[in-house]
Amino acid sequence: MSDREAVLFDLKKRVERFVNERGWTHDHNPKNLAMSISIEAAELMEIFQWMSIAESWDINKSSDKFTHLKEELADVLIYCLSLSNQLGIDVSEAIEDKMQKNEKRFLVKNAE
């Protein structure tokens with residue numbers, strides 16, 4: 001499945017089913033999920049820790065490093081979707097609301 005084909009609701013349901021099938025619902029509480037997001041984000045940062053900016057742009061040229069990057073990014077997103085499931089957050093709505101706030105906060109500067 002690609003981003004062009006994926007439906008956020010379906011991804012959330014897939015994560016929910018995975019968690020439920022393993023009996024992890026008790027452990028997937030808001031506190032633990034927020035901590036897990038942070039831990040996985042740190043693992044994502046660790047991939048780039050000693051790279052130059054140029055090397056970071058070229059990470060997709062190394063299949064091993066790029067695979068690792070995709071896995072860590074997926075872990076972050078999976079935990080985010082699980083947190084949204086546990087708290088009943090509509091992710092699309094939350095993103096739209098935040099983007100509207102950001103548009104007011106960070107105005108477009110006219111190029112002169």
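The values are calculated or read from the model by the stated rules, or taken from the named source; none is laboratory data. Note that this is a predicted model, so its numbers are computed, not measured. We place every Cβ from the backbone using ideal geometry, glycine too, and count neighbours over all the protein chains shown.
Points to keep in mind about this one:
- Flag if Ser92 is in contact with a Lys or Arg (Cβ under 8 Å, 6 or more places away or on another chain), assigned to a helix (DSSP H, G or I), closer than 21 Å to Ala6 by Cα and not aliphatic (A, V, I, L, M): no
- Pairing each residue of region 13-24 that is more than 16 Å from Leu77 (Cα to Cα) with any residue that is loosely packed, with under 12 Cβ neighbours inside 10 Å, provided the two are 6+ apart or on different chains, yields no C-beta distance under 6 Å.
- Residue identified as polar (S, T, N, Q), on the phi < 0 side of the Ramachandran plot and modelled with pLDDT under 95 among Ser63, Ser38: Ser63
Okay, residues lined up against (1) surrounded by 10 or more Cβ atoms within 10 Å (Cβ to Cβ); (2) not in a helix (DSSP H, G or I):
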| site | (1), (2) |
| --- | --- |
| Leu11 | yes, no |
| Trp24 | yes, yes |
| Ser38 | yes, no |
| Glu43 | yes, no |
| Glu71 | yes, no |
| Ile78 | yes, no |
| Leu83 | yes, no |
| Asp97 | yes, no |
| Lys109 | no, yes |
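- Residue in region 60-67 that is among the aromatic types (Phe, Trp, Tyr) and within 29 Å of Arg14 (Cα to Cα) present: yes
- The residue of region 45-86 that is nearest to Asn20 (Cα to Cα), among those that are β-branched (Val, Ile, Thr) and touching a residue at least 24 places away in the same chain (Cβ under 8 Å), is Ile78.
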